[in-house]
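Report on one structure; see the data block that follows.
The values are calculated or read from the model by the stated rules, or taken from the named source; none is laboratory data. Keep in mind that what you see is a predicted model, and the values were worked out from it rather than measured. In this analysis, Cβ positions are derived from the backbone assuming ideal geometry, glycine residues included, and neighbour counts consider all displayed protein chains.
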């Protein structure tokens, strides 16, 4: 399973995987291409597993840093 996007956060580039469903299957997380840290965007699920933060897509978008490069 591939990473859908990367974001720049300081000097790191955490991966983003979009799984737009209510609950994210933990078995699927082990199939994601290895990156140091990544976010899984879901419909409702909110949890943390090791270096993976699972959160609803609307919350993720609300928390994005405001900058000239973000719309």
query: Out of the residues in region 1-39 that are part of a helix (DSSP H, G or I) and at pLDDT 75 or above, which is surrounded by the fewest Cβ atoms within 10 Å (Cβ to Cβ)?
result: 27
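Look at residue 65 and say whether it is within 13 Å of the chain's Cα centre (by Cα) and either surrounded by fewer than 11 Cβ atoms within 10 Å (Cβ to Cβ) or modelled with pLDDT of 80 or more (or both). Show your work before the answer.
Numbers: within 13 Å of the chain's Cα centre (by Cα): no; either surrounded by fewer than 11 Cβ atoms within 10 Å (Cβ to Cβ) or modelled with pLDDT of 80 or more (or both): yes.
No, not satisfied.
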